[in-house]
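Down below is the structure, laid out as structure tokens.
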Amino acid sequence: MEKPDDIKVILLMHFLDNAFYKIELQKSRIDADKRSMNTKNLFPDIHFLLIAFCNLNKLLKNLCSHFKNPNLNTIFTKYEKALTHLNDFRDHLEHITEGRLDGKGQRGKKLTNPNMLGDLYGDTYHFGGETFNLKDSFTFSSNLKMELENWDNTSNEYPFWN
């Protein structure tokens, strides 16, 4: 198998590790915001969490394209749907004035619940009739990182996390 460009892979792995760090950082901030009931910080922190997940998705896609490794692709495929779902929430928040206030999602698709524009009940975030669970997203992030670390440790290509 042909090895990808060393510099690009090392940078991608560094940025990937940094994305996981940002997710953990946001977890601690969100937990503190929830404990103190600081909603002014809570929703921007959730938004930044979604940005970190979006970046993680892009980095993984890019890494997969460099390695063309079936084991890495299997890991990415396992988490791709959840990452895409979180990206949809990021998209809603960043395009609130581009249709969301009028009850329209991406590409003009009608929101299920157009009056629900960013509410948190427990650990479940609601937007326009769609939901995601904060705890579940943190768990899946940890699981994804663990699987990538295991892949990295056994691939013998570019050991990064060992």
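The values are calculated or read from the model by the stated rules, or taken from the named source; none is laboratory data. Everything numeric in this text was worked out from a predicted model, so none of it was measured. Methodologically, a virtual Cβ is constructed for each residue, glycine included, from the backbone with ideal geometry; neighbour enumeration extends over all protein chains shown. Side chains are part of the model used for accessible areas, which takes the heavy atoms of the whole protein and leaves out ligands, DNA and RNA. Shrake-Rupley method; radii C 1.70, N 1.55, O 1.52, S 1.80 Å.
For the stretch 5-38, what are the residues that are touching a Phe, Trp or Tyr at 6+ places or on another chain (Cβ under 6 Å) and within 21 Å of Pro70 (Cα to Cα)?
Listed by number, the residues that qualify are Val9, Met13.
Does the stretch 74-88 contain any residue that is in a helix (DSSP H, G or I), within 23 Å of Ala19 (Cα to Cα) and more than 15 Å from the chain's Cα centre (by Cα)? Working first, answer last.
Looking only at the stretch 74-88, we keep the residues that are in a helix (DSSP H, G or I), and these are 74-88.
Subsequent filtering for residues that are within 23 Å of Ala19 (Cα to Cα) retains 74-88.
Now drop any that are not more than 15 Å from the chain's Cα centre (by Cα), which leaves 74.
Within the stretch 74-88, one or more residues are in a helix (DSSP H, G or I), within 23 Å of Ala19 (Cα to Cα) and more than 15 Å from the chain's Cα centre (by Cα).
Scan the stretch 126-140 for residues that are among the hydroxyl-bearing types (Ser, Thr, Tyr) and out of contact with any Ser or Thr (no Cβ under 8 Å at 6 or more places or on another chain) and jot them down.
First pass over the stretch 126-140, keeping only residues among the hydroxyl-bearing types (Ser, Thr, Tyr): 131, 137, 139.
Ser137, Thr139 - these are the residues of the stretch 126-140 that are among the hydroxyl-bearing types (Ser, Thr, Tyr) and out of contact with any Ser or Thr (no Cβ under 8 Å at 6 or more places or on another chain).
Go through Leu111, Leu117, Leu93, Leu86 for me and flag whichever is crowded, with 16+ Cβ neighbours inside 10 Å and touching a Phe, Trp or Tyr at 6+ places or on another chain (Cβ under 6 Å).
Being crowded, with 16+ Cβ neighbours inside 10 Å and touching a Phe, Trp or Tyr at 6+ places or on another chain (Cβ under 6 Å) holds for just one of Leu111, Leu117, Leu93, Leu86, which is Leu86.
For the structure I just gave you, tell me whether Phe132 is within 30 Å of Met13 (Cβ to Cβ) and in a strand (DSSP E or B).
Numbers: within 30 Å of Met13 (Cβ to Cβ): yes; in a strand (DSSP E or B): yes.
Yes, satisfied.
Got a sec? Which of Phe67, Phe15 is more than 26 Å from His126 (Cα to Cα), open to solvent by 80 Å² or more (accessible area, probe 1.4 Å) and either of a type in the set (Phe, Trp, Tyr) or at pLDDT 95 or above (or both)? Break it down stepwise before answering.
Details: Phe67 fails: open to solvent by 80 Å² or more (accessible area, probe 1.4 Å).
Only one candidate qualifies: Phe15.
When only residues in the stretch 70-83 that are touching a helix residue (DSSP H, G or I) at 6+ places or on another chain (Cβ under 7 Å) and not aromatic (Phe, Trp, Tyr) count, which is most open to solvent (accessible area, probe 1.4 Å)? Lay out the reasoning, then the answer.
Restricting attention to the stretch 70-83, the residues satisfying the condition of being touching a helix residue (DSSP H, G or I) at 6+ places or on another chain (Cβ under 7 Å) are 71-73, 75-76, 79, 82-83.
Next, from what is left, pick out any that are not aromatic (Phe, Trp, Tyr): 71-73, 75, 82-83.
Values: Asn71: 99, Leu72: 2, Asn73: 59, Ile75: 18, Ala82: 41, Leu83: 0 Å².
Here the answer is Asn71.
Out of the residues in the stretch 61-113 meeting the condition of being touching a Pro at 6+ places or on another chain (Cβ under 9 Å) and hydrophobic (A, V, I, L, M, F, W, C), tell me which one is farthest from Asp6 (Cα to Cα).
Leu101
Listed here are the residues, each with its yes/no results for (1) surrounded by 13 or more Cβ atoms within 10 Å (Cβ to Cβ); (2) more than 16 Å from the chain's Cα centre (by Cα); (3) without any contact (Cβ under 8 Å) to a residue 24 or more places away in the chain; (4) not in a helix (DSSP H, G or I).
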position	(1), (2), (3), (4)
Lys40	no, yes, yes, no
Phe53	yes, no, no, no
Asn57	yes, no, no, no
Arg107	no, yes, yes, no
Tyr125	yes, no, no, yes
Phe140	yes, no, no, no
Lys145	yes, no, no, no
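Out of the stretch 12-38, which residues are assigned to a helix (DSSP H, G or I) and among the polar types (S, T, N, Q)? Can you show your working first?
So in the stretch 12-38, the residues assigned to a helix (DSSP H, G or I) come out as 12-36.
If the condition is that a residue be assigned to a helix (DSSP H, G or I) and among the polar types (S, T, N, Q), then Asn18, Gln26, Ser28, Ser36 are the ones that fit.
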